[in-house]
Amino acid sequence: MLVAELELFLSRPVAPTRRVALGVADLPTDPAPGWGGILLGAVVASRVADVDLDLLPDLFHLTRQLEAGERIPQPRLRHRLQQDRIGLTSHRHRLLLSDGDVRFDLDDRGRAGPHVLGALYAAGRLAVRDRPAVFGLLRRALVWQGEVGPALLAHLTGERASGWSMDGDVRTRAWAITVLGLADDRPEPAVVQRRFRELVRAAHPDHGGRVDEAASRIDALSRARRILLDERA
């Protein structure tokens with residue numbers, strides 16, 4: 001039985017421009033994150049290992065913007081979201097239930113980045129009340145390094161690590177200094193960027209970080225960097 005489906009229209013890998021458009025989306029989220037949220041998480045988790053690690057913080061920031069319903073200027077992360085599907089290739093991702101077992105039917109063609117972006121943009125079109133649960137799941141998906149299977153389901157639907165949870169609206173410079181572990185309370189942008197990159201790589205599972213803590217840790221680091229750099233803008 002088909003319980004969730006997402007269609008993406010993506011430019012071909014050989015195309016000179018990088019474009020993403022959304023197609024059919026049947027993403028039930030009652031109760032949130034629902035089967036729809038789990039499918040979106042699986043799409044992200046199945047392709048994120050092939051995305052440039054340096055883009056990961058921007059993906060985390062994009063989840064926060066989409067969760068808040070902000071307008072996203074285009075292009076973003078080297079790709080343009082558009083309505084026109086002419087010249088784009090259809091890709092379908094599906095979640096099925098068979099005798100109580102969950103099965104993912106994910107399209108693995110094409111570059112990884114557009115699939116991840118398409119899933120995030122699709123989540124941004126969900127009802128406002130469902131977005132916190134779905135985007136929390138997607139942030140966990142952004143640090144997944146294993147296969148799509150039972151372990152992924154447990155990871156996506158598990159509790160977030162509380163140590164670096166940032167669901168509250170804590171946005172102070174002092175907090176940002178503490179999170180990044182900076183000695184100077186007025187650090188130069190280059191110092192902020194260097195420290196940020198060091199800590200993101202250390203937190204990522206690819207470099208020994210704990211899988212169950214990586215999403216909330218990188219999310220906090222990304223928000224701290226933005227606070228300090230925005231002050232300098």
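The values are calculated or read from the model by the stated rules, or taken from the named source; none is laboratory data. Quantities reported herein were computed from a predicted structural model and do not represent experimental measurements. Virtual Cβ from ideal backbone geometry, glycine too; neighbours counted across all protein chains shown.
At a glance:
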quantity	calculated
Any chance H79 is surrounded by 16 or more Cβ atoms within 10 Å (Cβ to Cβ) and farther than 30 Å from R225 by Cβ	no
Condition met for L199 (within 27 Å of V48 (Cα to Cα) and outside the structural domain of A49 (by TED's automatic domain parsing))	yes
Any hit, the stretch 6-24, residues being closer than 16 Å to A141 by Cβ, surrounded by fewer than 21 Cβ atoms within 10 Å (Cβ to Cβ) and touching a residue at least 60 places away in the same chain (Cβ under 8 Å)	no
Lone qualifier among S46, S90, S98 - being touching a strand residue (DSSP E or B) at 6+ places or on another chain (Cβ under 9 Å), surrounded by fewer than 21 Cβ atoms within 10 Å (Cβ to Cβ) and of a type in the set (S, T, N, Q)	S90
Filtered residues of the stretch 171-186 (kept if at pLDDT below 90 and either surrounded by 13 or more Cβ atoms within 10 Å (Cβ to Cβ) or polar (S, T, N, Q) (or both))	R171, T172, R173, W175, A176, I177, T178, V179
Residue check, G37 modelled with pLDDT of 95 or more and either surrounded by 23 or more Cβ atoms within 10 Å (Cβ to Cβ) or among the aromatic types (F, W, Y) (or both)	yes
Looking only at the stretch 105-128, and only at residues there that are over 27 Å from M1 (Cβ atoms) and among the hydrophobic types (A, V, I, L, M, F, W, C), the one that is surrounded by the fewest Cβ atoms within 10 Å (Cβ to Cβ)	V128
